[in-house]
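Everything below concerns the one structure shown next.
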Amino acid sequence: MIELTYDEFCKKFTEQLQVLLGDSYLLKQEKAIGYNDTHKEVLLVEKKGSGCMPRFDLKAYYETHIQGMTIEELAKKAVHGINAEDIPSEEEIQALLDPKQIRSRLIVRLLNRKTNESILKEMPHLPFLDLAITFHLLVEEKKDGTKSVRVTNKLWEEYIGDSVLQMYKQALLNTEHLFPARMVQMEKLLHLSELGISSGLFIVSNPHGIYGAAVLLYEGVQEKIKQILGEDYYVIPSSVHEVLVIRESDVTDIEMLKSTILEVNRTQVGEEDILSNLLYKYQNQQLICV
């Protein structure tokens, strides 16, 4: 297989996808800013008559192509994904934007405040430690994942109107109801408990494992974790999808733990999934940076 340049691949992939989808779809390539100031090129696929546009990360598709998958195979895979989606019509999208619908489907997530400055300029948000509480509209929830859209300042002003503080409480209740907190001993999740191994680490997230770090915001969750662990504890910001907690008495070298967070974020966590490089501690009934 002749290796194409990235630009050549994007052109041929878009052409092949257009052939398979036909004239009822419009394809548009554009640059996008992802979380943590990541930059990528995406291919927007719009079905005529629908305001919903699935996005494809062209760089990710190119990397798969380099690993051996042909453009034809990738295009068919993309078409399969589009056909599997129940793309809402313009009328269904407008129904989702009804004020009552929005209020029941508004959810919160946690992002790093410093590394998301560009995005946060366009989004209503609230500060939490070194993080930002952001708002998102849940479009669909399935067993294998969820679909949501960021709530921008424009969307907020046009369809919500209330102050951010007023809506935060409702959005938090929605999030807790739709994505309840879950805490699991790491060894049990990895099926290592029968080996007698104990790291002292517990994973805190939600059943979907998607943007589960937000469970730290739920009413009473931080104190509940202390009750389960029996003492004050440290919170390791594993990613935007989960955090790890460990008893204070199980940590013998705080500086080593801080260094580990930095190294894991640098080498193991995807750029868009990094939550924070800081270590947190729950003491005196509050969460602080240490």
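Within region 226-260, how many residues are in contact with a helix residue (DSSP H, G or I) (Cβ under 6 Å, 6 or more places away or on another chain), surrounded by fewer than 16 Cβ atoms within 10 Å (Cβ to Cβ) and among the polar types (S, T, N, Q)?
Residues meeting the conditions: 0.
Here is a yes/no grid of residues against (1) among the hydrophobic types (A, V, I, L, M, F, W, C); (2) under 30 Å from Gly81 (Cβ atoms); (3) at pLDDT 90 or above; (4) open to solvent by 40 Å² or more (accessible area, probe 1.4 Å):
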site	(1), (2), (3), (4)
Asp144	no, yes, no, yes
Thr152	no, yes, yes, yes
Leu155	yes, yes, no, no
Gly161	no, no, no, yes
Tyr168	no, no, yes, yes
Ala181	yes, no, yes, yes
His191	no, no, no, yes
Ile203	yes, yes, yes, no
Asn206	no, yes, yes, no
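Quick test for you: out of Gln222, Gln285, pick the one residue that is crowded, with 16+ Cβ neighbours inside 10 Å and not hydroxyl-bearing (Ser, Thr, Tyr).
Result of the check over Gln222, Gln285: Gln222.
Looking at Val79, Val45, which one is on the phi < 0 side of the Ramachandran plot and either in contact with a Lys or Arg (Cβ under 6 Å, 6 or more places away or on another chain) or in a helix (DSSP H, G or I) (or both)? First the steps, then the outcome.
Numbers: Val45 fails: either in contact with a Lys or Arg (Cβ under 6 Å, 6 or more places away or on another chain) or in a helix (DSSP H, G or I) (or both).
Among Val79, Val45, only Val79 is on the phi < 0 side of the Ramachandran plot and either in contact with a Lys or Arg (Cβ under 6 Å, 6 or more places away or on another chain) or in a helix (DSSP H, G or I) (or both).
For region 258-279, does any single residue satisfy the condition of being of a type outside the set (A, V, I, L, M), outside any helix (DSSP H, G or I), farther than 30 Å from Glu140 by Cα and at pLDDT 95 or above?
Start the filter on region 258-279 by keeping residues that are of a type outside the set (A, V, I, L, M), which leaves 258-260, 263, 265-268, 270-273, 276-277.
Right, trim to outside any helix (DSSP H, G or I) and you get 268, 270, 276-277.
Checking which are farther than 30 Å from Glu140 by Cα leaves us with 277.
Now drop any that are not at pLDDT 95 or above, which leaves 277.
Yes.
Kindly indicate the residue of region 12-34 that is of a type in the set (D, E, K, R) and outside any strand (DSSP E or B) and also surrounded by the fewest Cβ atoms within 10 Å (Cβ to Cβ) among those meeting that condition.
Narrowing region 12-34 to residues of a type in the set (D, E, K, R): 12, 15, 23, 28, 30-31.
Now narrow it down to the ones that are outside any strand (DSSP E or B): 12, 15, 23.
Numbers: Lys12: 16, Glu15: 13, Asp23: 7.
By that ranking, first place goes to Asp23.
Report every pair of residues separated by at least 6 positions or lying on different chains whose Cβ atoms are under 8 Å apart, first residue within region 219-235 and over 21 Å from Ser276 (Cα atoms), second of a type in the set (D, E, K, R) and part of a helix (DSSP H, G or I).
Correct list of pairs: Glu219/Glu176; Glu231/Glu248.
Every residue in region 63-72 that is open to solvent by 40 Å² or more (accessible area, probe 1.4 Å) and either in contact with a His (Cβ under 9 Å, 6 or more places away or on another chain) or touching a residue at least 24 places away in the same chain (Cβ under 8 Å) (or both), please. Steps first, please.
The initial filter retains those residues of region 63-72 that are open to solvent by 40 Å² or more (accessible area, probe 1.4 Å), namely 63-64, 66-70, 72.
Answer for region 63-72, where residues must be open to solvent by 40 Å² or more (accessible area, probe 1.4 Å) and either in contact with a His (Cβ under 9 Å, 6 or more places away or on another chain) or touching a residue at least 24 places away in the same chain (Cβ under 8 Å) (or both): Ile66, Gly68, Thr70, Glu72.
Considering only residues that are over 16 Å from Leu217 (Cβ atoms) and open to solvent by less than 60 Å² (accessible area, probe 1.4 Å), which ones fall in region 119-137?
In the first step, residues of region 119-137 are kept if they are over 16 Å from Leu217 (Cβ atoms); the result is 119-123, 137.
Within region 119-137, Ile119, Leu120, Met123, Leu137 qualify.
For region 266-282: of the residues being polar (S, T, N, Q) and surrounded by fewer than 19 Cβ atoms within 10 Å (Cβ to Cβ), which is nearest to Ala213 (Cα to Cα)?
Residues of region 266-282 polar (S, T, N, Q): 267-268, 276-277.
Filter once more, keeping what is surrounded by fewer than 19 Cβ atoms within 10 Å (Cβ to Cβ): 267-268, 277.
Details: Thr267: 20, Gln268: 17, Asn277: 14 Å.
Checking each candidate, the answer is Asn277.
The values are calculated or read from the model by the stated rules, or taken from the named source; none is laboratory data. All figures in this text were calculated on a predicted structure; none of them were measured in a lab. Virtual Cβ from ideal backbone geometry, glycine too; neighbours counted across all protein chains shown. Ligands, DNA and RNA are stripped out before the accessible areas are found, and what is left, the full protein with its side chains, is counted by its heavy atoms. Shrake-Rupley method; radii C 1.70, N 1.55, O 1.52, S 1.80 Å.
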